[in-house]
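Report on one structure; see the data block that follows.
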Ligand code: PLP
């Protein structure tokens, strides 16, 4: 009698994809839905990247499992150019989305997975699928939900011999926070001291709102894997292309992951890889597109933050990406009077009564009773916004 693998039982669809399906169904039924659930870039893919995809639409071959060499070179050059990180093509693994690469990583190593709470929805379910226990490290609202170096140090010192990978994602999904350089240096120092491997999930690196994104790999190059891809700053989430960059000391992990890839998906789609070479290229048009996107995300984030704060909802101004993580607890009493006692109920009722689709903080590792939620402010016409800003001349 064949049964469902226990690790898969109860998983359901990923929370962000599920809210997207629900939103689409309600919209199809004629309901006005504000799709602030799924974190999909509102911006169109830059024209030169689309043109590269079209030019290679007939490419039909299986490509090398680690990725096209020219793409690996382009990705290494991107990391050198944007972060002064000393990667070469051999250090790069290309995959069909960083989500898939993260799953490969989970399959490939022994040890703990340490994830700050709140964190992106899929890290923990991926661990569950392969039977790995996730160690959640709570962060605090007063610190903008950033992982504090002393908390990481305390955690690591409790069992310093155990091998572990810590995921650090910023600009962050779900909170929109980033780390100042001093904190990155302090986190890097702790990671080095306890020989922790860091997975720096930098998929939103291009969409920091002000100043420069700084990779923690600058401060801990020997122990940091840098994750990036086309999904967010290049607007091409549905194309599925992600990249991991490994320091030489962790090349064994790249090789292990490549073996698993070769026995599972073989290689990333050829046309997408050719297009990605263009996406990662040193191209002023793409820099301009990213600069405009950042500007729009920053301005919108500040505007919505202000509106929410005026409505007595606690929320920090996002520093990057297109997410906010409001806390509705100032309204707890009123909500309780309406039968709303926890985050999931709050979000379900919001969708039902107002058509606003957002996700409860519990989908991101927060306690169910907490009245936090993630709001992805992406339900607007990004192409029109880019065109209007470009035409205004009011841009960098
Ligand atoms: N990491 C974070 C923090 C994300 O928000 C996402 C997508 O929403 C991903 C990784 C996965 O991106 P992809 O698989 O499209 O590269």
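The values are calculated or read from the model by the stated rules, or taken from the named source; none is laboratory data. Computed from a predicted model, the values in this text were never measured in an experiment. Methodologically, a virtual Cβ is constructed for each residue, glycine included, from the backbone with ideal geometry; neighbour enumeration extends over all protein chains shown.
Only one residue in 93, 101, 184 is away from the ligand (no atom under 12 Å from the Cβ) and farther than 20 Å from residue 219 by Cα, so which one is that?
Working: 101 fails: away from the ligand (no atom under 12 Å from the Cβ); 184 fails: farther than 20 Å from residue 219 by Cα.
Only one candidate qualifies: 93.
Can you find even one residue in the range 287-296 that is surrounded by 22 or more Cβ atoms within 10 Å (Cβ to Cβ) and in the same structural domain as residue 103 (by TED's automatic domain parsing)? Looking through the range 287-296, none of the residues is surrounded by 22 or more Cβ atoms within 10 Å (Cβ to Cβ) and in the same structural domain as residue 103 (by TED's automatic domain parsing).
Would you confirm whether or not the range 29-39 contains a residue that is away from the ligand (no atom under 16 Å from the Cβ), more than 30 Å from residue 300 (Cβ to Cβ) and surrounded by fewer than 18 Cβ atoms within 10 Å (Cβ to Cβ)? Can you show your working first?
Here is the first cut: in the range 29-39, the residues away from the ligand (no atom under 16 Å from the Cβ) are 29-34.
Add one more test, that the residue is more than 30 Å from residue 300 (Cβ to Cβ), and what stays is none.
No, the range 29-39 contains no residue that is away from the ligand (no atom under 16 Å from the Cβ), more than 30 Å from residue 300 (Cβ to Cβ) and surrounded by fewer than 18 Cβ atoms within 10 Å (Cβ to Cβ).
Filtering 344, 396, 326 for residues that are at pLDDT below 95 and either on the phi > 0 side of the Ramachandran plot or surrounded by 15 or more Cβ atoms within 10 Å (Cβ to Cβ) (or both) leaves a single hit, 344.
Residue 175 falls short on exactly one of the conditions (1) within 24 Å of residue 97 (Cα to Cα); (2) surrounded by fewer than 23 Cβ atoms within 10 Å (Cβ to Cβ), and that condition is (2).
From 110, 62, which residue is over 21 Å from the mean Cα position of the chain (by Cα), at pLDDT below 95 and assigned to a loop (DSSP other than H, G, I, E, B)? The conditions single out 110.
Of all residues in the range 84-123, those that are closer than 22 Å to residue 149 by Cα and crowded, with 21+ Cβ neighbours inside 10 Å total 8. Taking the conditions (1) part of a helix (DSSP H, G or I); (2) at pLDDT 95 or above; (3) buried (at least 21 other Cβ atoms within 10 Å of the Cβ) in turn, residue 318 satisfies each one other than (1).
Against the definition (buried (at least 23 other Cβ atoms within 10 Å of the Cβ), in a loop (DSSP other than H, G, I, E, B) and touching a helix residue (DSSP H, G or I) at 6+ places or on another chain (Cβ under 8 Å)), how does residue 225 come out, yes or no?
Numbers: buried (at least 23 other Cβ atoms within 10 Å of the Cβ): yes; in a loop (DSSP other than H, G, I, E, B): no; touching a helix residue (DSSP H, G or I) at 6+ places or on another chain (Cβ under 8 Å): yes.
Criteria not met by residue 225.
Could you run through the range 201-222 and say how many residues are part of a helix (DSSP H, G or I) and over 21 Å from residue 299 (Cβ atoms)? Summing the residues that are part of a helix (DSSP H, G or I) and over 21 Å from residue 299 (Cβ atoms) in the range 201-222 gives 5.
Each residue in the range 236-267 was checked for being away from the ligand (no atom under 11 Å from the Cβ) and not in a helix (DSSP H, G or I), and 7 of them qualify. Inspect all residues belonging to the range 341-350 and state whether any of them is in contact (Cβ under 8 Å) with a residue 40 or more places away in the chain, more than 22 Å from the chain's Cα centre (by Cα) and not assigned by TED's automatic domain parsing to the domain that holds residue 202. So far as the range 341-350 goes, no, none of its residues is in contact (Cβ under 8 Å) with a residue 40 or more places away in the chain, more than 22 Å from the chain's Cα centre (by Cα) and not assigned by TED's automatic domain parsing to the domain that holds residue 202. Among the residues of the range 1-55, the ones that are at pLDDT 85 or above, outside any loop (DSSP other than H, G, I, E, B) and closer than 27 Å to residue 276 by Cβ come to 10 in all.
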